[in-house]
1. So is A:Asn102 at pLDDT 90 or above, within 20 Å of B:Glu49 (Cβ to Cβ) and either surrounded by fewer than 18 Cβ atoms within 10 Å (Cβ to Cβ) or not basic (Lys, Arg) (or both) or not?
2. Can you tell me how many residues within the range B:36-75 are part of a loop (DSSP other than H, G, I, E, B) and under 30 Å from A:Arg66 (Cβ atoms)?
3. On the given criteria, is A:Pro31 touching a residue at least 40 places away in the same chain (Cβ under 8 Å), outside any helix (DSSP H, G or I) and under 18 Å from B:Pro14 (Cα atoms)?
4. Scanning the range A:72-93 for residues that are within 14 Å of another protein chain (Cβ to nearest Cβ) and either of a type in the set (S, T, N, Q) or in contact with a Leu (Cβ under 7 Å, 6 or more places away or on another chain) (or both), which turns out farthest from B:Leu21 (Cα to Cα)?
5. For residues that are over 14 Å from the mean Cα position of the chain (by Cα) and either facing chain B (nearest Cβ under 8 Å) or of a type in the set (S, T, N, Q) (or both), tally how many sit in the range A:100-115.
6. Among the residues of the range A:82-95, is any farther than 16 Å from A:Pro6 by Cα and within 14 Å of the chain's Cα centre (by Cα)?
7. On the basis of being part of a loop (DSSP other than H, G, I, E, B) and loosely packed, with under 12 Cβ neighbours inside 10 Å, does A:Asn86 make the cut?
Amino acid sequence: MAIGAPVDLTPIRDDPSLATAAHNQDFRFDPKSQERCPYAAHLRKTNPRADLDAFGGTEVRRILRRGIPFGPEVTDEEKKHNKSSNDEHLERGLLFACYQSNLFNGFQFIQTRESSYAFSPPL
Amino acid sequence: MNAPTFPPAKADAPIPGLDPLIGQGAAAAREMVGSDPKATANELKFPTEFVVSRGGEYFFSPSIPALKTHFAKST
């Protein structure tokens, strides 16, 4: 799965050598600091990693993301006007789909108790 | 919002805020702190939704008919 160099390992500039499968998951966050990655960043909210070590960890929250993006590439007309079209045939989006063994611990928890909860991750 | 599931935050701990991409609050607007490492208390406000949700559904996988007729049928 292509991701890129983790911001938590190289916050100031891109480092393509860390974008490989061997390294792009090699970060845990420092629960005491948001200097390298904000606590509220999307990827930290949805998978807090070490932020939850003192609270039972994240294993029970794992989900398998298998979303399907839809819609055509940007058309020349849209590029010219710098604005996406309202034409329903040019609608774009993501059919988000995920798998988990327990909905309450997985998607529902991540969406309601992490992403939509101002006090998450716990500090 | 209901009772927090986590212990209460320490007195001087920042309140992270909502996920700017998918966070859902009482209104469309979301706020977060921490986007500026030199001024981590500065709030960043997002007045409109980034993701416009059109609906959702939960499914069994395998389906209930498949569970009944194949995976969990009594022999």
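1. On the way: at pLDDT 90 or above: yes; within 20 Å of B:Glu49 (Cβ to Cβ): no; either surrounded by fewer than 18 Cβ atoms within 10 Å (Cβ to Cβ) or not basic (Lys, Arg) (or both): yes.
Criteria not met by A:Asn102.
2. The first filter runs over the range B:36-75 and keeps only residues part of a loop (DSSP other than H, G, I, E, B), leaving B:36-42, B:47-63, B:72-75.
From what is left, the residues that are under 30 Å from A:Arg66 (Cβ atoms) are B:48-63, B:72-73.
Final tally of qualifying residues: 18.
3. Working: touching a residue at least 40 places away in the same chain (Cβ under 8 Å): yes; outside any helix (DSSP H, G or I): yes; under 18 Å from B:Pro14 (Cα atoms): yes.
The answer is yes for A:Pro31.
4. Quick first cut of the range A:72-93, residues within 14 Å of another protein chain (Cβ to nearest Cβ) only: A:84, A:86, A:88, A:91-93.
Subset that is either of a type in the set (S, T, N, Q) or in contact with a Leu (Cβ under 7 Å, 6 or more places away or on another chain) (or both): A:84, A:86.
On the way: A:Ser84: 19, A:Asn86: 22 Å.
This residue is A:Asn86.
5. 8
6. Let us first name the residues in the range A:82-95 that are farther than 16 Å from A:Pro6 by Cα, namely A:82-95.
Those left that are additionally within 14 Å of the chain's Cα centre (by Cα): A:94.
There is at least one residue in the range A:82-95 that is farther than 16 Å from A:Pro6 by Cα and within 14 Å of the chain's Cα centre (by Cα).
7. Values: part of a loop (DSSP other than H, G, I, E, B): yes; loosely packed, with under 12 Cβ neighbours inside 10 Å: yes.
When the stated conditions are applied, A:Asn86 passes them.
Listed here are the residues, each with its yes/no results for (1) surrounded by 12 or more Cβ atoms within 10 Å (Cβ to Cβ); (2) within 12 Å of chain B (Cβ to nearest Cβ); (3) of a type in the set (Val, Ile, Thr).
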| residue | (1), (2), (3) |
| --- | --- |
| A:Asp15 | yes, no, no |
| A:Cys37 | yes, yes, no |
| A:Leu52 | yes, yes, no |
| A:Gly57 | yes, no, no |
| A:Val60 | yes, no, yes |
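The values are calculated or read from the model by the stated rules, or taken from the named source; none is laboratory data. On a predicted model such as this, the values are computed, not experimentally measured, just so you know. Backbone-built Cβ (ideal geometry, glycine too); neighbour counts: all protein chains shown.
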